Amino acid sequence: MGTIQPGMTRLTCIALVFALNACEGAPTKAPPDPGAPSVASVSPSTEPAAAEPAVEAVPESEPEPEPEPEPEPELFSWGHADLDPDNDNVLGPPAPLDDCEARLEAAGISFKPARIGVGKKVDGVYTCGAHQVVRVKRGPGNIAYNKNPLLTCTMALALADFERVAQEEAERLVGSRIKSIEHMGTFNCREMVNFDLLSEHSFANGIDLKKFVFANGESATVLDDFKPTVDQPEDPKTLFLRSLSNRLYDEQVFSVVVTPYFDHLHRNHIHVDLARYRVDGSRP
Ligand SMILES: [Zn+2]
């Protein structure tokens, strides 16, 4: 029988129609009719050329439109802040991205895949760790870190956006690019000090930025140069730290931006993370 065998795909079957006329419903040669006149020997099936499709028989027809090429997946995307108001109460590490490594490469990040333990679930929520983390070696802003940041993949992508904004603001306000950044950590299983909430640091989904060193030898520390009590600062380093913080929130680079304006705990660093809720601590 000409039935399709298990495992034979439709494509295979179509191929076989041409190759073997083997599939069900395919045209088959009629058995030779002994009584037929000898002109039957000029049946098209005996002519090799008859196998060619009769394309030339329709000369003036419109050419077949070129099939639209499959769009390349958009790997680079700006703004990783979580804007969904309905998931603000969801805690836990971010969902892994299928194409994390391709996205990191598209964002200009060199990195090493890394692993951190995922802690136990309490009430169905992971309290610590993440399923997909990388150690960032160098980002598109060519900034050196005192310790290569260990971050979730999404947070590493956000760090690439951060470097672009930070370099723009450094050039605009300080007149020099950032050479290096000192941070105070990314991954630390703990609750927030002032809130009964897991910190995003529990999931390697945040970073604490302490000091920026510029190519001209100057440096800006959050502790000395943010000056949260000064209303009209003129120091370019103060303007840099404040304007950078505003842009990181406004341009949705991070979900949460907390500065010395927010509380005393953040007097010496700018905390940024990708929580599912949003906090603008970049303003008084
Ligand atoms: Zn922090």
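Just so you know, all these numbers are worked out from the coordinates, no wet-lab data involved. These numbers were taken from a predicted model, which means no experiment stands behind them. Neighbour counts run over all protein chains shown; Cβ positions are idealised from the backbone, glycine included.
Computed packing ranks the peptides 259-266, 161-168, 213-220 as 161-168, 259-266, 213-220, most packed first, by mean other Cβ atoms within 10 Å. Cα-based radius of gyration for the stretch 92-281, normalised by 2.2 N^0.38 Å, reads 1.00. Averaging the sequence gap over all C-alpha pairs within less than 8 Å and six or more residues apart, then dividing by the number of residues, gives the stretch 92-281 a relative contact order of 17 percent. Net charge dipole, the stretch 87-136: roughly 300 debye, given to the nearest 20, about the Cα centre with Cβ charges of +1 for Lys and Arg and -1 for Asp and Glu.
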